[in-house]
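Structure first, then comments.
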Amino acid sequence: DSGVTQTPKHLITATGQRVTLRCSPRSGDLSVYWYQQSLDQGLQFLIQYYNGEERAKGNILERFSAQQFPDLHSELNLSSLELGDSALYFCASSLREYTGELFFGEGSRLTVL
Amino acid sequence: GQSLEQPSEVTAVEGAIVQINCTYQTSGFYGLSWYQQHDGGAPTFLSYNALDGLEETGRFSSFLSRSDSYGYLLLQELQMKDSASYFCAVTPRGSNYQLIWGAGTKLIIKP
């Protein structure tokens, strides 16, 4: 158990819909990252927050947005969903802003039908 | 550009030793990380090499050579539970410190 909690674990929805994925980082960690992993693919970095502020953006679509709240939990919002958005979405956290040691949650598996 | 290359798949026998290589092209970085991911599971941090040389953690060791732009993960006394994908990643220097990830190596272990 990494200490990072993600909800929901599974989500099935239809094209065009909007979903929100939630992440609670490890206790004490200030940095939160979101990654997307499609079937049998690598990890695609989406976005990072550190202590409530956006730190870095990766290949995040305009239909996607995220935020980190004062209590350090984070949400990833996915809208106008397409079939290709079906993937595992991982949240990770770390104590430091820049580090090679990330702690990943179990992921939210999104299926868009 | 910055990139990391790993073999897509490696096969080994239970009880043996296997080495998973990671070569990189990057202008500069702080360190090389390794992660393990079982099918459908979360990536799990294994090791981080900030300096050249070998870091050992139980059955797993990781090596970095900056002069050769090369690193590897060494798994000894392979067990069936080691069947997983292994990712290398570097923490680059620069304005965006986001990890750069390799595509992953699927390790298949045969009895």
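The values are calculated or read from the model by the stated rules, or taken from the named source; none is laboratory data. Everything numeric here is computed off the predicted structure, so don't read it as measured data. Glycine also receives a Cβ, built like all others from the backbone with ideal geometry; neighbour counts cover every protein chain displayed. SASA here: full protein model, heavy atoms, side chains in, ligands and nucleic acids out. Shrake-Rupley method; radii C 1.70, N 1.55, O 1.52, S 1.80 Å.
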Give the residues of region B:66-86 that are open to solvent by 50 Å² or more (accessible area, probe 1.4 Å) and either part of a loop (DSSP other than H, G, I, E, B) or modelled with pLDDT under 95 (or both), sorted by residue number.
-> B:ARG66, B:SER67, B:ASP68, B:TYR70, B:GLN76, B:GLU77, B:GLN79
Scanning region B:1-48 residue by residue, the ones that are in a loop (DSSP other than H, G, I, E, B) and hydrophobic (A, V, I, L, M, F, W, C) total 3
Apart from one, (1) polar (S, T, N, Q); (2) open to solvent by 30 Å² or more (accessible area, probe 1.4 Å); (3) within 13 Å of the chain's Cα centre (by Cα); (4) farther than 30 Å from A:THR111 by Cβ all hold for B:SER61; the odd one out is (2)
Of everything in region B:7-39 that's closer than 24 Å to A:GLU106 by Cα and surrounded by 14 or more Cβ atoms within 10 Å (Cβ to Cβ), which residue is farthest from the chain's Cα centre (by Cα)?
-> B:GLN37
Report the residue count in region A:28-69 for those that are over 16 Å from A:SER94 (Cβ atoms) and among the aromatic types (Phe, Trp, Tyr).
-> 2
Check region B:56-65 and report whether any residue there is within 14 Å of another protein chain (Cβ to nearest Cβ), charged (D, E, K, R), in a strand (DSSP E or B) and over 30 Å from A:ASN59 (Cβ atoms).
-> no
Of (1) in contact with a helix residue (DSSP H, G or I) (Cβ under 8 Å, 6 or more places away or on another chain); (2) more than 20 Å from B:GLU55 (Cα to Cα); (3) not aromatic (Phe, Trp, Tyr), B:SER83 satisfies every one except (1)
Scan B:ALA50, B:ALA42, B:ALA89 and give me the residue that is surrounded by fewer than 17 Cβ atoms within 10 Å (Cβ to Cβ) and within 10 Å of another protein chain (Cβ to nearest Cβ).
-> B:ALA50
Among strands (runs of 3 or more DSSP E) entirely within region A:24-113, at least 2 residues that are open to solvent by 30 Å² or more (accessible area, probe 1.4 Å) and more than 10 Å from every other protein chain (Cβ to nearest Cβ) occur in A:53-57, A:64-68
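Within 27 Å of B:GLN6 (Cβ to Cβ) and not hydroxyl-bearing (Ser, Thr, Tyr): does that describe A:LEU83?
Considered against the rule, which asks whether it is within 27 Å of B:GLN6 (Cβ to Cβ) and not hydroxyl-bearing (Ser, Thr, Tyr), A:LEU83 comes out as no.
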Filter region B:94-105 down to residues that are modelled with pLDDT under 80 and more than 8 Å from every other protein chain (Cβ to nearest Cβ) and give me whichever is surrounded by the most Cβ atoms within 10 Å (Cβ to Cβ).
-> B:GLY94
